[in-house]
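The values are calculated or read from the model by the stated rules, or taken from the named source; none is laboratory data. Note that this is a predicted model, so its numbers are computed, not measured. Glycine also receives a Cβ, built like all others from the backbone with ideal geometry; neighbour counts cover every protein chain displayed. The area values use the complete protein model at the heavy-atom level, side chains included, leaving out ligands, DNA and RNA. Shrake-Rupley method; radii C 1.70, N 1.55, O 1.52, S 1.80 Å.
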Amino acid sequence: MARIVMKFGGTSMAGIERIRSVAARVKREADAGNQVAVVVSAMAGETDRLVGFCREASPLYDPREYDVVVAAGEQITSGLLAIALQAIGVEARSWLGWQLPIHTDDAFAKARIGTIDTDTLIASMAAGAVAVIPGFQGMNADRRITTLGRGGSDTSAVAVAAALKADRCDIYTDVDGVYTTDPRIVPRARKLVKVTYEEMLELASVGAKVLQTRSVGLAMKEKVRVQVLSSFTGEDAPMADTLPGTMIVGEEEISEVERQLITGIAHDKNEAKITLTAVPDTPGSVAAIFEPLAAANINVDMIIQNIAHRSSGSTSATDVTFTVPAADLPRSIEALNQAREAIGFGELVHDTRVAKISVVGVGMRSHAGVASTMFTTLGARGINIQAISTSEIKVSVLIHEDETELAVRVLHTAYGLDAEEAA
């Protein structure tokens with residue numbers, strides 16, 4: 001007998017027929033003798049609809065009341081799934097975030113989970129009941145409903161799995177695993193059997209949409225084994241423990257034979273480039289740029305500082321270029337302009353027609369030439385690199401957005417990631 005957490009996303013819960021399909025899949029796990037907790041998202045599009053209501057009611061809505069409204073989507077699907085399970089003979093009940101409770105901090109609309117009380121939940125599951133838990137929500141110290149931000153149901157599922165000491169957390173989505181890149185761009189992309197936590201964290205942070213970044217970070221911290229698999233396989237598909245999805249695991253679980261130099265290539269068009277010209281080349285100037293951005297909770301990624309040059313008189317100046325999420329560009333411009341006198345820059349130039357391309361793989365730690373291959377491959381196709389950033393297992397470049405698909409395709413081939421054609 002295993003203890004399993006199953007998580008179903010919005011497309012899996014989009015309507016009563018799909019909820020019935022989910023119930024049938026959960027029943028198979030329960031009938032196999034497993035203790036099962038299910039974490040559900042709102043129906044596809046429902047959260048956006050509820051957010052729209054809040055904005056229509058008041059552009060300056062109270063985030064505490066916003067959380068009350070948007071948490072309703074998951075409450076509805078958890079109740080409906082419990083009803084659907086009961087209708088096919090499975091004992092089940094829903095547990096809302098405040099009923100367990102799932103304790104969070106006070107950051108409404110982007111709360112972080114602290115602890116989860118599981119004693120009652122474990123007792124219920126041990127008695128044979130399936131627990132259905134709405135994702136995306138919790139409760140703060142004042143017993144007010146909080147929500148975890150976009151993609152928060154993935155984080156809820158991993159947190160529940162960690163609290164329950166589950167054997168596995170199965171994330172059911174509309175794809176059947178993690179691929180070497182987006183199959184819509186590269187039809188010969190390969191599905192990966194195993195990916196390390198670090199690789200998945202990097203892939204999620206640089207544009208891969210399979211899992212939410214926070215959920216992967218939590219899985220790595222708590223050592224929760226996560227499997228990504230499709231909820232749209234037929235009813236006669238194998239059980240999840242034999243279904244070939246993608247396992248997100250510790251590096252020690254991947255053998256030398258399975259380990260590859262490059263695991264995947266991700267792209268992200270949701271980037272904006274900002275250049276500040278004629279920044280004084282003096283100690284503290286760069287800090288003056290990024291302090292107001294940090295105060296506004298804006299994440300900065302790639303940073304380039306040009307070689308200093310003489311400006312007026314004997315004063316040296318430099319240009320500083322960096323990227324921010326495209327959605328944060330207006331706030332970034334506002335924050336920098338407000339700090340213009342303190343920074344002392346000349347012009348602020350921005351560009352949203354850029355894309356970030358990243359190659360990720362733990363094999364980079366022990367192999368040289370990964371960056372060289374990337375730069376040579378892009379240069380051979382006439383693709384100009386505007387910025388570069390690296391980590392121990394990642395190299396990212398910024399290019400023009402019109403060259404995104406070409407860059408992904410040629411790099412996928414250059415690193416030997418293309419699947420062999422069927423005979």
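Using a 1.4 Å probe on the protein heavy atoms, what percent of the accessible area of the chain belongs to carbon and sulfur?
52 percent
When the Karplus curve 6.51 cos²θ - 1.76 cosθ + 1.60 is applied with θ = phi - 60°, which whole-Hz ³J(HN,Hα) does each residue of segment 337-349 get, with x for Gly and Pro?
3J(HN,Hα) across segment 337-349, in whole Hz: 5, 5, 9, 4, 5, 5, 7, x, 7, x, 10, 10, 10.
Distance in nm between label sites at Ala141 and Ile122, each 7 Å beyond Cα in the beta-carbon direction?
2.6 nm
Which FRET efficiency, nearest 0.05, do Asn270 and Asn306 yield, Cβ-Cβ r, R0 30 Å?
0.75
Would you compute, from DSSP H runs of 4+ residues alone, the mean residue ellipticity of the chain at 222 nm, taking -39500 (n - 2.57) per run and dividing by the full residue count, rounded to the nearest 500?
After summing the helix terms and dividing by residue count, I get -10000 deg cm²/dmol.
For the chain, what D do you get in µm² per second when you plug the Kirkwood radius from alpha-carbon pairs into Stokes-Einstein at 10 °C and 1.306 mPa s?
D, rounded to a whole number, is 68 µm²/s.
How much net charge surrounds Met374 when only the other residues with a Cβ under 14 Å from the Cβ of Met374 are counted, with Lys and Arg +1 and Asp and Glu -1?
+3
Heavy-atom accessible area per residue, segment 318-423, 1.4 Å probe: how many Å²?
Each residue of segment 318-423 exposes 47 Å² on average to a 1.4 Å probe.
What share of the DSSP beta bridges in the chain is antiparallel, in percent to the nearest 5?
The answer is about 60 percent antiparallel.
Quick one: Karplus J couplings for segment 126-136, per residue in order, coefficients 6.51, -1.76, 1.60, θ = phi - 60°, nearest Hz, x for Gly and Pro?
With the stated coefficients, segment 126-136 comes to 5, 7, x, 8, 7, 8, 10, 10, x, x, 6 Hz.
For the chain, what is the relative contact order in percent, using Cα pairs closer than 8 Å and at least 6 residues apart in sequence?
14 percent
If you count, for each residue, the other Cβ atoms within 10 Å and average over each peptide, how do 112-123, 358-369, 388-399 line up from highest to lowest?
Averaged packing, sorted descending, gives the order 388-399, 358-369, 112-123.
Please figure out what share of the DSSP beta bridges in segment 61-192 is antiparallel and state it in percent, rounded to the nearest 5.
If we restrict to bridges inside segment 61-192, about 60 percent are antiparallel.
With θ taken as phi - 60° and the coefficients 6.51, -1.76 and 1.60, list the Karplus ³J(HN,Hα) couplings across segment 358-364 in order, rounded to whole Hz; mark glycine and proline as x.
Result, rounded to whole Hz: 10, 10, 10, x, 5, x, 4.
Given the peptides 34-41, 91-98, arrange them by the average over their residues of other C-beta atoms within 10 Å, most packed first.
Highest-to-lowest ranking by the protection proxy: 34-41, 91-98.
Arg190's amide H: which non-local residues (gap 5+, or another chain) put their own amide H closer than 5 Å, with H modeled 1.01 Å from N in plane and none for Pro or chain starts?
Under 5 Å from the amide H of Arg190 lie the amide H atoms of Thr180, Thr181, Ala419, each far enough along the sequence or on another chain.
Work from the charge dipole of the chain (Cβ charges, +1 for Lys and Arg, -1 for Asp and Glu, about the Cα centre) and give the residue of Gly177, Ala407, Gly73 farthest towards its positive end.
Towards the positive end, the residue furthest out is Gly73.
Could you list which residues have their amide H under 5 Å from that of Asp281, counting only those 5 or more apart in sequence or on another chain, with H placed in the peptide plane?
Amide H neighbours of Asp281: Ser316, Ala317, Thr318.
Determine, for each peptide in 142-155, 179-192, 372-385, the mean count of other beta carbons within 10 angstrom over its residues, then list the peptides with the highest first.
142-155, 179-192, 372-385
What FRET efficiency would be calculated for the residue pair Thr315, Leu348, taking the C-beta separation as r and a Förster radius of 25 Å, to the nearest 0.05?
0.85
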